[in-house]
Every structure is written in C-alpha cells, then in structure tokens.
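A quick write-up on the structure given underneath.
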Amino acid sequence: MTRKAAIIGGGVIGGGWAARFLLNGWDVGVFDPDPEAERKIAAVMANARLALPALSDVPMPAEGKLTFHGTIGEAVEGAEYVQESVSERIELKQKVYAQLQQSNPGVLIGSSTSGFKASDLQKSSVAPENIIVAHPFNPVYLLPLSEISGSPANPPAVVEKTVEIMKAIGMFPLVIRHEIDAFIGNRFLEAVWREALWMLKDGIATTEEIDEAIRMGFGLRWGQMGLFETYRIAGGEAGMRHFMAQFGPALKWPWTKLMDVPEFNDELVELVSSQSDAQSGKYGIRELERIRDRNLVGFLRALKERDWGAGKVLKAHDERRAEVFHAEMQKGLDTGAKSTPLVMYQGQVLPGWIDYNGHMTESRYYFVNSETVDNFLRMIGAGMDYVAAGHSFYSVETHIRHLGEARLGDQLRGELQIISADEKRFRSFVRIMKGDTCVATVEQLCLHVDMKAGKTVPAAAEVWAKLEAIAKAHAGLPLPEGAGRAVGQKRE
C-alpha cells in the first residue's frame, strides 16, 4: 500500500521534502497559497530526478503521485505524516497546526523550523504530543540529516515513528537529547556566519575568500569526519588529549567575536550582497543548484563506496530497498518461472559514466550487464554467500552490440534471457533498454567453477534447479536478434 505525506508550504524546503518523499515512492499532497507553487516545485523536482537516483545502486521505487490542493484539509486527507515548511512565524505555524489537527486528528506533524523549539510550536495545540521538529538541510532531497527535536509532551512512540519515517525516505534522523533553540546544526552555522560577517565588515576578507577558506580546506574534512574526529587526528598519535593540551589555551585568546554581533543594517546587506553577486552572479540560481547537486552526488558517492559518513546512510538505504527488490524477484520465481525475459536491473546513467562524446561510455554497458547478471545469480541462489562457500559463475566470453545512445540521467533497465544452460554453464542475452528502445545487447557465456580446485564443476543442486526452470521457460522464446553474431558480421 502506498504511503502518503502532506507538505504544507512549497518553497525551497517544502519542495525538497516533496521530492524526497515522491522519489521514495510516497504519494504527496501539497498545500501552498502561492500561485507559483506548482511551477516552483516542478523546478525542484526536475533537479531532484537527476540527482537523487544517481546516489542509488538499486532500483528506485515507482515515483509517487503529486497532487496540489486548495485547502489544508484536502492536502492532509489520508496522510500519515505532515511536513510543515511555512514561514518562520510561530503564530502562522500554530494556526496551520490547528487546521491540520482539525482536518486529520492524530496525524503526525514534523516542522522544518530552523530555530523554534517543539514546546513553543506545541503551545495552544489540542494534541501537542503529535507536533515535533524534523529540521532538514538544503537540498533536502540529497542531504540526509534530519534533526529530530521533541519536548516532554512527545511520548517515545512519536519520536520513534518520526525516526522510522525519516529512515524510510533515506534520511539520517539525529534525535536531539534536550530542547535547544536552533538545534545543533544551525547553532554551529550561526557561529561561523557571525565570524564571517565580522571578517567581511572589518575588511579582513571578501565573501569569495571566506568561501575559498572553507571549500579548499576544512570544509572537505568536515564533510567526511566532522569536527571532533578531525581534531582527534590533528592530535597525532596521542589523539584528542594532545590536541586539547596543545590548542586548548587558544580558547582564552581574543580570536573570536562570537559574543558580539555586527549591526544588521543596509550597509552590511549591501556589502554582503554586492560581493556575493560579483563572486558567482554569472550563474543563475537554477544553474548553481545543478552544479551544487552534481558536486554533492560526487562527494556522497565517494563516501558511499567507502561506507563512511553520509555515504553509510545511503548504502544502508540501498540495502533495505535491495532486500525488497530481490524478495519480489524471488517471489516471482517461486510462483513459477516466467516465459518472458527477466528485468534484473534498473538504474540511472550517472555523471561519471559519460565519455567525451556526451554518451554513456563503453565500460558502463558492461557494468549494467554485470549488475543484471549478478542480480540474476542472487535470485537463483548463487550470490555472495554461495561465492564465500567456494563456488561461483565465471564469465568466459562476452559480446556487446551498441544499437543506440544513452545519456546523462537516462533510466535504463536490464532484461535477461537464458538462451541455453546445463549444470556447468549458461548462456545469457541481456537487452539494455531505455524505455522501449534497446540501446545495447550483451551476450555472455558463464561457467560454474569450484574456485579452490580451479576447474569447472556442476552447480549445486538447488542452484541448478532454479536455473533449469528458467532455462526451460525461456526455451520457447524466439532466439534474440543478434544472438551468436560475430564481430563485424553484416546485419540482416
């Protein structure tokens, strides 16, 4: 059954939440009185559809249904969760909660507020226990952190449900121990922001120079190790104790103006905005968003490959969805082998897959075939546990034909047909499809090997039984066009 979330407020943050839920298979109802809301969310969705699937190595669920509504009551109908992202005016937020709880009593409401405590948001509510802070960071559809902050009015079950929902859409829910204004992330950012404004106002550095200091240095460290782990390393072999002994006295030095705030006036606004426009004004906002997203995807995928930091969250989310995907494939096999090619892979063409011609590079066609065949092997019981026990299928011959073009962001699927099989080998034919268009075919011969003995042997009985059932079901299919074709052979 499809789950539904309601989004109240469709600005940058609300649009990001909508994209996050939709691309994870939830239906989303949106309420925003702004007549431009649909256009703005469409722009966010266009960026999100390019970026978020690029982080996943398993099929994304079918995108949920997006609907826009003229009232809060219509938007929240049937929703199990609401994400409120209206302006930072507490009286407006409380008015919205009253309407939500009247329309859908008992619904869980998470607020995107940047600084209000849950206990402040809950005042005057008929059901304060169902209002909680779920504070994200922009872009919501890529960055996994969601700061979960409740009050004594929130029972543990409400906190746990909020955590479960955040995990279901691939986020990292960080539950804050005690209520505090602005939570953890924004308090830290506020300290950096104040220092930056003073350095700007005092003529120490420009906006560009301050940004360079972050992105060329410690910002890269923070993105994968945070603050304390970074400083622990800075202490050398003696660790954090040595670092504290070495740099602790600096806490008493007059380095910072954290307790003092520059006057917020037109002069400061003009100073910041003029330098910022000069720094990156040659790019439009949407273009900057796409540049940001491509960079974040690259960083996050690097962390994912190493199972580290935010990449650990992405990998865990993939693993949860992979279990569902493989269970569905296995269920289909258990109910009888199908006499149709098997869809064993679905994925998106990523930025790193593109060659100098702007097309998907050759090695990635082999990668898609490999993922397709690997998923098939898992389905018949020859996955990594089977390999760990000493047996595997080795590819010994492969033939690829390029029939079309795949470009950045294209959605591909791998359809596998077994042409022939016996206890020691199988011959597969994979069509790499872009919609209804076949962009490549890959024919492959795989042998079953005892890895310790280094020789071909019959597959385990249970593996061969599943492979044989599929081979028999596929025996009635026409031989695929191009199967057995030699390199350079003229097409008919």
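The values are calculated or read from the model by the stated rules, or taken from the named source; none is laboratory data. None of the values given here were measured: they were computed from a predicted structure. Neighbour counts are summed over all protein chains in view; Cβ atoms, including those assigned to glycine, are modelled from backbone coordinates with ideal geometry. Only protein heavy atoms, including side chains, enter the accessible area calculation; ligands, DNA and RNA are left aside. Shrake-Rupley method; radii C 1.70, N 1.55, O 1.52, S 1.80 Å.
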May I ask which residue of N47, V58, A75 lies farthest towards the positive end of the charge dipole of region 36-101, with charges of +1 (Lys, Arg) and -1 (Asp, Glu) on Cβ and the Cα centre as origin? N47
Heavy-atom accessible area order for T71, T372, largest first, 1.4 Å probe: T71, T372
GluC sites (Glu not before Pro) within region 240-313: which are DSSP loop residues with at most 16 other Cβ atoms inside 10 Å? E263
Nothing charged except the Cβ atoms of Lys and Arg (+1) and of Asp and Glu (-1): what's the magnitude of the dipole of the chain about its Cα centre? Round to the nearest 20 debye. 1260 debye
Cα centroid separation - region 335-400 against region 72-139, whole Å: 45 Å
Ignoring everything but the protein chains, give the 1.4 Å probe accessible area of D202 in square angstrom, nearest 10. 80 Å²
Roughly how much of D436 is accessible, in Å² to the nearest 10, using a 1.4 Å probe? 150 Å²
What spacing in nm lies between the two simple spin-label points modelled at A238 and E179, each 7 Å away from Cα in the Cβ direction? 4.4 nm
Cβ-Cβ FRET estimate between M259 and K95, R0 fixed at 41 Å, reported to 0.05: 0.70
Whenever you get a sec, compute what percent of the accessible area on the chain sits on carbon and sulfur atoms (1.4 Å probe). 56 percent
Tell me the chymotrypsin sites (Phe, Trp or Tyr not before Pro) within region 231-324 that lie in a loop according to DSSP and have at most 15 other beta-carbon atoms within 10 Å. W255, F264, Y283, W308
Accessible surface of M384 - all protein chains present, 1.4 Å probe, nearest 10 Å²: 140 Å²
Can you give me the relative contact order of the chain as a percent, contacts being Cα pairs under 8 Å and 6 or more apart? 11 percent
Using a cut-off of 14 Å between beta-carbons, work out the net charge of the residues near D32 (Lys and Arg +1, Asp and Glu -1, D32 not included). -3
Tell me the mean residue ellipticity at 222 nm calculated for the chain from its helices only (DSSP H runs of n ≥ 4, each -39500 (n - 2.57), averaged over every residue, nearest 500). -13000 deg cm²/dmol
So what is the relative contact order for region 384-445, in percent, with contacts set as C-alpha pairs under 8 Å and at least six apart? 37 percent
Filter the DSSP H helices in the chain by two things, a Kyte-Doolittle mean of at least -1.0 and an axial alpha-carbon span of 15 angstrom or more, and list the hits by number. 12-23, 37-51, 90-103, 156-168, 185-201, 266-280, 285-305, 310-334, 362-379, 461-474
Cα→Cβ-extended label distance, 7 Å offset, between D307 and E160, nm: 2.8 nm
As straight-line cross-link partners of K452, the qualifying lysines (C-alpha separation under 30 Å, not fewer than 8 residues apart within one chain) are K424, K466
Between E88 and A250, what FRET efficiency follows from the Cβ-Cβ distance if R0 is 35 Å, with the result rounded to 0.05? 0.50
Separation between Cα centres of region 468-483 and region 189-225, rounded to whole Å: 61 Å
For the chain, what proportion of DSSP beta bridges, expressed in % and rounded to the nearest 5, is antiparallel? 65 percent
Read through the labelled values (i) 45; (ii) 49; (iii) 54 and report the label of the one computed as percent of Cα pairs over 32 Å apart from the structure. (iii)
Only sites in a loop by DSSP and with at most 14 other Cβ atoms within 10 Å count here; which GluC sites (Glu not before Pro) in region 364-449 make the cut? E405
Calculated FRET value between M225 and M384, using beta carbons and R₀ = 30 Å, to 0.05: 0.55
Taking the simple approach of a point 7 Å from Cα along Cα-to-Cβ for both D202 and V272, what is their distance in nm? 1.8 nm
